[in-house]
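Have a look at the structure below before the remarks.
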Amino acid sequence: MSLVPGLGIVRGMSLTLRRFFEPKATVHYPEVKADVAAKFRGRLQLLLDEHGALKCETCFQCAQACPIECIDMGGMDTKGRFHVHWGPPETYGERREESAIRRSGRTVPDPAFASFSPEDLSPLEDILDRCDHDPKRLLEILEATQAAYGFLPVAAIKTISQGTGAWYAMIYGTATYFGHLRFESPQAEAQVRAMAERRPSEASYLDRLGASLAGQSVAGESAGASAPGAAAAGSSRARATGARPTGPRPTRAAPARGARKGGTPGSRASES
Amino acid sequence: MTAISRTWDQLTLPGKFLAVVVPLLLFLTAGGVITILLFGGIVWQAILDHLEIVRLLVAALALVLIFIPFAFVIIYMELKVIARMNLRIGPDRVGPWGTLMSLVPGLKVLTKEDFIPTRADPLVFTWAPVVVFATSVMSALVLPFAPGLYGQDLNIGLLYFFAVGGMAVVGLLMGGWASFNKYSLLGGLRSAAQIVSYEIPLTLSVVGLIILAGTMSLNQIVEQQSGWFTSWYVFRQPLAFVIFFIAATAEANRTPFDLTEADSEIVAGFATEYSGMRFGFFFFAEYVNVFIVSALTTVLFLGGWNAPIDLPHVAIALDPGAYGLGLLFFVLLVPVIGTLVLAAPVYLLRSQTRWWVALIIGFVLFNVVAAGLTFLWAYVSFDFVAGLVWLLGKAFALVFVFVWMRGTLPRVRIDQLMGFAWKWLLPAALLNLFVTAAAVIAVDALKGTPL
């Protein structure tokens, strides 16, 4: 309510009049196409709902549509073992249905998501209170959060963003700038590092690829022997999707570890 | 018979068309000529005897015919203006720049099923849209469009306008009542409550103006505002103008007071059961009302058909007889020379242009220039053209304001609507009336003229 009656109407009318003369947002699609990069596929990111649960319903459409096969699903099971696909493939269909029900607003008990424990945000609230919700003291907040949780969970970053008013992207950028801030727990990072070490080097894949392209018979016993983990992963994927029953896949990127921790941005899923 | 059918089959499509149309035209022409020769004198005498009645009929017919394109223009304006305010482009596929877009809903409405609900009152149901539309047209009969261009010049024109315009409520109530649907009835009552409430400030706000003008004839009110724009009544009655405009918005059922229609909330209220062209008439009457209200606001407050500045009267004496044979050469040569002159730069400056393309462009340009010059000549020479230009310009500027308001303001609640009418507009209108009356008495007393 302003002191002058009707001032709000005048301001609104002036706004619409300005909009009247501004350039228009419409793109005449079939004739004119928006100017985006040729490889643009939108931003890759795993999103969370307001309870901190993953919104991904493992429908695999993103993995199927990915032109360079950089997307895959996977994560740690309860015993800390890594699986390329989360859960038994026979339950994909019913899990997709459940996710549809979940999106309709009802809560669905889902064993597949049982290990996704929501983060306890009460220490973070204390930290924010202590730092006066001040976005200028972001580094202090982030360090205290890492001290409290051991790493920076996405739910915590979102809460910091809401509490301080800083953008999520700004906080994420700040956190990625400093090397001592982590987005994964040390155990998970060690697990991933161990996986990467057990995986054969890229040169062996390239050798096999060059050999198969040259039409030679499979000379890959040595490569296959040196890559037991990758062979297991590849065969499980082949069983799951029924596609391309060949040997180890070339240069599978590190799978989306965010499935466990909830939503590190997709750029991490494509790092090798 | 076979010979005829064989001949018919041998004709091409244009031949078949001409074979039907030409005899028909000949027959109609001959019939018309014979009828005029036999009865023309009697009919002409009857027309001359009852000139006023004929004038009324012609005016009503002309108004109905002129409001159809006006409504289409307003619908197009609304689509386009609101789209631009939403940072969209709006319709641009149907016709050039989407100008034929407003014909599409009309065509759609025409092809819909004409439906009357079971147990509805068919007579009242059928006549409700007619009443609504007819009141719009009838109230426009007193609007002076230009000097000498009006349906009737009543000395109680303003009273007539409000009286006939108020009859639209009857049509809305008829529609709501006859639909055999309690929600339609509620919608009708709701719109009746709204319109009746806003009639009071609408009429009261004009009373001050009538005191100043001393007449209720719209023609005389316009004539009193001639000269510079400072003599417009909007500068002498600013409060009345604001009240009148707000109340007129409610009268025309426009946003933010379009509770009668409220298409997003109460599916068109009283018109829920209407379909096809019956609904089309309600729809049409709404847009016609927008124009009529804008035109009346223009006539009362914005000088009507007067130009805002006192233009010197320039009459170009064009006497065709004075030019003799030169006129013939003028008519024959000017289009050719104009086309060539306008085509020359196009042909000379762009080397890719073919000569015939340049000629076509030149011809189009010549037509544009000639139309502009003709319009200029008509504006200068004829008072009613100039008056029509100014009145339509002002009225459509007000229509733009209505559309602008629709693009900006949200719909008010029914209690806010009624509270605003009774608690704010009515006292303000009364205040305006008293202040005006007191001022008139005071000025008369100071001048020493007897009351």
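Among all positions in region B:202-221, there is at least one residue which is in contact with a Pro (Cβ under 7 Å, 6 or more places away or on another chain), in the same structural domain as residue B:172 (by TED's automatic domain parsing) and not β-branched (Val, Ile, Thr).
Is region A:12-21 home to any residue that is within 14 Å of chain B (Cβ to nearest Cβ) and polar (S, T, N, Q)? Within region A:12-21, one or more residues are within 14 Å of chain B (Cβ to nearest Cβ) and polar (S, T, N, Q). Only one entry of B:386, B:343, B:370 meets the criterion of being out of contact with any strand residue (DSSP E or B) (no Cβ under 9 Å at 6 or more places or on another chain) and closer than 30 Å to residue B:148 by Cβ, and that entry is B:370.
Taking residue B:370 as the residue in question, decide whether it is within 14 Å of another protein chain (Cβ to nearest Cβ) and surrounded by fewer than 18 Cβ atoms within 10 Å (Cβ to Cβ). So residue B:370 does not fit the description; no.
The single condition among (1) crowded, with 17+ Cβ neighbours inside 10 Å; (2) at positive phi that residue B:276 does not meet is (1). The residue of region B:392-404 that is nearest to the other protein chains (Cβ to nearest Cβ), among those that are touching a Ser or Thr at 6+ places or on another chain (Cβ under 6 Å) and of a type outside the set (Val, Ile, Thr), is B:398.
Could we say that residue B:170 is touching a Gly at 6+ places or on another chain (Cβ under 9 Å) and at pLDDT 90 or above here? No, not satisfied.
Residues that are within 16 Å of residue B:280 (Cα to Cα) and part of a loop (DSSP other than H, G, I, E, B) do occur in region B:106-113. Elements of the type helices (runs of 4 or more DSSP H) sitting completely within region A:165-257 and holding at least 1 residues that are at pLDDT 50 or above and crowded, with 17+ Cβ neighbours inside 10 Å: these cover A:168-177, A:186-198, A:202-213. Against the numbered list (1) in a helix (DSSP H, G or I); (2) touching a Leu at 6+ places or on another chain (Cβ under 8 Å), residue A:139 comes up short only at (2). Taken together, B:96, B:117 contain a single residue that is in the same structural domain as residue B:304 (by TED's automatic domain parsing), free of Cβ contacts under 8 Å to residues at least 12 places away in the same chain and more than 22 Å from the chain's Cα centre (by Cα), which is B:96.
Is one or more of the residues making up region B:226-247 in the same structural domain as residue B:163 (by TED's automatic domain parsing), closer than 30 Å to residue B:124 by Cα and not basic (Lys, Arg)? Yes - at least one qualifying residue is present in region B:226-247. Could we say that residue B:217 is within 26 Å of residue B:388 (Cα to Cα), surrounded by fewer than 22 Cβ atoms within 10 Å (Cβ to Cβ) and of a type in the set (S, T, N, Q) here? Considered against the rule, which asks whether it is within 26 Å of residue B:388 (Cα to Cα), surrounded by fewer than 22 Cβ atoms within 10 Å (Cβ to Cβ) and of a type in the set (S, T, N, Q), residue B:217 comes out as yes. For the condition surrounded by 11 or more Cβ atoms within 10 Å (Cβ to Cβ), more than 16 Å from residue B:285 (Cα to Cα) and out of contact with any helix residue (DSSP H, G or I) (no Cβ under 6 Å at 6 or more places or on another chain), residue B:40 qualifies.
Listed here are the residues, each with its yes/no results for (1) in contact with a Gly (Cβ under 7 Å, 6 or more places away or on another chain); (2) of a type outside the set (A, V, I, L, M, F, W, C); (3) in a loop (DSSP other than H, G, I, E, B); (4) under 25 Å from residue B:270 (Cβ atoms).
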| position | (1), (2), (3), (4) |
| --- | --- |
| B:139 | yes, yes, no, yes |
| B:152 | no, yes, yes, no |
| B:177 | yes, no, no, yes |
| B:190 | yes, yes, no, yes |
| B:207 | no, no, no, no |
| B:223 | no, yes, no, no |
| B:234 | no, no, no, no |
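One residue stands out among those in region B:405-431 that are in a helix (DSSP H, G or I) and of a type in the set (Lys, Arg): the one that is farthest from the other protein chains (Cβ to nearest Cβ), which is B:423. Is there a residue being under 28 Å from residue B:98 (Cα atoms) and within 32 Å of the chain's Cα centre (by Cα) anywhere in region A:10-25? Checked against the condition, which is being under 28 Å from residue B:98 (Cα atoms) and within 32 Å of the chain's Cα centre (by Cα), region A:10-25 yields at least one hit.
A single member of B:298, B:339 is in contact with a helix residue (DSSP H, G or I) (Cβ under 8 Å, 6 or more places away or on another chain), surrounded by 12 or more Cβ atoms within 10 Å (Cβ to Cβ), under 30 Å from residue B:245 (Cα atoms) and at pLDDT 80 or above, and it is B:298. Can we say residue A:148 is modelled with pLDDT of 90 or more and under 22 Å from residue A:124 (Cα atoms)? Considered against the rule, which asks whether it is modelled with pLDDT of 90 or more and under 22 Å from residue A:124 (Cα atoms), residue A:148 comes out as yes. Among the residues of region A:1-28, those identified as modelled with pLDDT of 85 or more and part of a loop (DSSP other than H, G, I, E, B) are A:22, A:23, A:24, A:25, A:26, A:27, A:28. Quick one: in region B:67-102, of everything that is surrounded by fewer than 15 Cβ atoms within 10 Å (Cβ to Cβ) and assigned to a helix (DSSP H, G or I), which residue is farthest from the other protein chains (Cβ to nearest Cβ)? Here the residue is B:68. Specify the residue that is nearest to residue B:241 (Cα to Cα); the eligible residues are those in region B:406-436 that are surrounded by 16 or more Cβ atoms within 10 Å (Cβ to Cβ) and in contact with a Pro (Cβ under 7 Å, 6 or more places away or on another chain). Filtering region B:406-436 for residues that are surrounded by 16 or more Cβ atoms within 10 Å (Cβ to Cβ) and in contact with a Pro (Cβ under 7 Å, 6 or more places away or on another chain), the one nearest to residue B:241 (Cα to Cα) comes out as B:429.
The values are calculated or read from the model by the stated rules, or taken from the named source; none is laboratory data. Bear in mind the structure is a predicted one, so any value in this text is a computation, not a measurement. Positions of Cβ are backbone-derived with ideal geometry, glycine not excepted, and every protein chain shown enters the neighbour counts.
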